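So the structure is just underneath, and the comments pick up after that.
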């Protein structure tokens, strides 16, 4: 019975609908129809949820007036009609009371600045009886151009489901990337073992260019650099954002090349080398490089076109994360614990604590991730903010996976709404998943017990993250849930299998499958015949 009740509550959570703050203005004259974005206060204005239920009103254009008083309006000219006036001059509530005194049925306020939720004192809410909403002035000009003979308007606000299917797509992308990145790292470790000890370097970097983090001091420096970089991005965003964009273009092109080259090698695709002046050039490498560079350049040129560029950004982002998980490895579980714990504190601090330290009460992490021009978020206590010019672009950091929300019809009309997940929420737990797979390789565990368990724990942690986000109706620092899920699962599994000592020591205490004795520590790499105890 409890299981059924829990499933029912989940269904209510996923498919329940909440009141939106964005609405749609449907303008028509005969067969011609146009729709525009509206922003309204759901506790102030009662707007229908569908166009069939909405009442149509003739629109009277009074954008030459701010309607702070009725002196410039002919009595009876707006009775039973919708009226549009300009923003400014007086409070929203005063405009609404004047329109109401003229017997207008709807008040639309045109704005040349960003649209915010119209608000007033609590005492004013009960006095206003007609719907009130803000719209872009440029939309009114467009409607007057399209409908020069007059127009009828209907206001409706489609309910926004609490759960959007884009979350499922994001979950699949994240789990796929972490799983494949961990698998690739383990496969590379197996290939190094097959190649013999000569393939490993003594400075933490292998011949293939892979880098291993084995020092707690290096981890501390790495996290400190991340903190400094995030603070610099917050204060100097408009300059540093272009540096990050250039770095992303270069890094993603290189990462995509490595991913595609490894994939083609795995499926047995030939290289077809061509000799030129005693030099051999791989045709496959040239073609792959051309494709990867072209895709990176296309993203760089069209990076602010939200209608479709998110597809290419996610593709490049997946390649970037996969290549990072294969290239950077953590040498033991101790390093994993230190790194993930520090980054958990880093995530929580910059999401939850920094709003108490910044002058506008905004989260440094959210502000940097979404960009200072991001609308539809909370900034400075203004609530929903819709740009006055939807065609204007602002630079955003390419550090998140983005999937458009499928059900937010009104919101997407105002501006594209996305479900997002930061690359760090994929890469950081992914490093632990990759370590688990390498440990399976070191111990000869053909069932990949650690790898599979940690990947499942990551998926569970991400589901918990999204569930909390839906319940709280606010973004969450995903590492707050992903780090405990993956660390505790790995620790418990190693303890149950009585391998925690070896799991903790990692590459400094590699074990043979038969003797279960340690091979070489990092400090004794030059003594091939010596065996040390952990």
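The values are calculated or read from the model by the stated rules, or taken from the named source; none is laboratory data. From a predicted model like this one, the values you see are computed outputs, not experimental measurements. Positions of Cβ are generated from backbone atoms using ideal geometry, with glycine treated the same way; all protein chains shown enter the neighbour counts.
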Within segment 193-204, identify whether any single residue is outside any helix (DSSP H, G or I), assigned by TED's automatic domain parsing to the domain that holds residue 475, under 25 Å from residue 317 (Cα atoms) and modelled with pLDDT under 80, and answer yes or no. no
Whether any residue in segment 73-92 is surrounded by fewer than 17 Cβ atoms within 10 Å (Cβ to Cβ), more than 20 Å from residue 48 (Cα to Cα) and touching a strand residue (DSSP E or B) at 6+ places or on another chain (Cβ under 8 Å) is what I want to check. yes
Residue under evaluation residue 138, criteria (1) more than 15 Å from residue 60 (Cβ to Cβ); (2) in contact (Cβ under 8 Å) with a residue 40 or more places away in the chain; (3) not in a helix (DSSP H, G or I), criterion not met: (3)
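Determine, yes or no, whether residue 54 is closer than 15 Å to residue 131 by Cβ and at pLDDT 90 or above.
Numbers: closer than 15 Å to residue 131 by Cβ: yes; at pLDDT 90 or above: yes.
Yes.
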Look through 170, 229, 233, 151 and report the one residue that is at pLDDT 90 or above, touching a helix residue (DSSP H, G or I) at 6+ places or on another chain (Cβ under 9 Å) and closer than 30 Å to residue 54 by Cα. 151
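Name the helices (runs of 4 or more DSSP H) wholly inside segment 275-376 in which the number of residues that are within 25 Å of residue 116 (Cβ to Cβ) and out of contact with any helix residue (DSSP H, G or I) (no Cβ under 6 Å at 6 or more places or on another chain) is 1 or more.
Once the helices (runs of 4 or more DSSP H) in segment 275-376 are filtered for at least 1 residues that are within 25 Å of residue 116 (Cβ to Cβ) and out of contact with any helix residue (DSSP H, G or I) (no Cβ under 6 Å at 6 or more places or on another chain), what remains is 364-370.
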Here are the criteria: (1) within 34 Å of the chain's Cα centre (by Cα); (2) in a loop (DSSP other than H, G, I, E, B); (3) surrounded by fewer than 14 Cβ atoms within 10 Å (Cβ to Cβ). Tell me which single one residue 172 does not satisfy. (2)
Where residue 431 falls short, out of the listed (1) more than 24 Å from residue 301 (Cα to Cα); (2) out of contact with any helix residue (DSSP H, G or I) (no Cβ under 8 Å at 6 or more places or on another chain); (3) surrounded by 18 or more Cβ atoms within 10 Å (Cβ to Cβ): (2)
Right, residue 149: assigned to a helix (DSSP H, G or I), surrounded by fewer than 19 Cβ atoms within 10 Å (Cβ to Cβ) and either more than 39 Å from the chain's Cα centre (by Cα) or not assigned by TED's automatic domain parsing to the domain that holds residue 43 (or both) or not? no
Part of a helix (DSSP H, G or I) and at pLDDT 95 or above: does that describe residue 217? no
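Using the structure shown, decide if residue 239 is surrounded by 12 or more Cβ atoms within 10 Å (Cβ to Cβ) and either modelled with pLDDT of 80 or more or farther than 23 Å from residue 439 by Cβ (or both). Even if it seems obvious, please write down each step before you answer.
On the way: surrounded by 12 or more Cβ atoms within 10 Å (Cβ to Cβ): no; either modelled with pLDDT of 80 or more or farther than 23 Å from residue 439 by Cβ (or both): yes.
Answer is no for this residue.
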Criterion (surrounded by fewer than 17 Cβ atoms within 10 Å (Cβ to Cβ), part of a loop (DSSP other than H, G, I, E, B) and at pLDDT below 80) met by exactly one of 383, 379: 383
Checking residue 464 against (1) at pLDDT 95 or above; (2) buried (at least 18 other Cβ atoms within 10 Å of the Cβ), which test does it fail? (2)
I'd like to know if segment 169-187 contains one or more residues that are without any contact (Cβ under 8 Å) to a residue 40 or more places away in the chain and touching a strand residue (DSSP E or B) at 6+ places or on another chain (Cβ under 9 Å). no
Of the conditions (1) buried (at least 18 other Cβ atoms within 10 Å of the Cβ); (2) within 39 Å of the chain's Cα centre (by Cα), residue 138 satisfies every one except a single condition; which number is it? (1)
Selection from segment 90-114 of residues in contact (Cβ under 8 Å) with a residue 40 or more places away in the chain, assigned to a strand (DSSP E or B) and either farther than 11 Å from residue 129 by Cα or over 40 Å from the mean Cα position of the chain (by Cα) (or both) yields 108, 110, 111
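Yes/no per residue for (1) within 20 Å of residue 136 (Cβ to Cβ); (2) assigned to a strand (DSSP E or B); (3) free of Cβ contacts under 8 Å to residues at least 60 places away in the same chain:
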position: 27; (1), (2), (3): yes, yes, no
position: 33; (1), (2), (3): yes, yes, yes
position: 55; (1), (2), (3): no, no, no
position: 64; (1), (2), (3): yes, no, yes
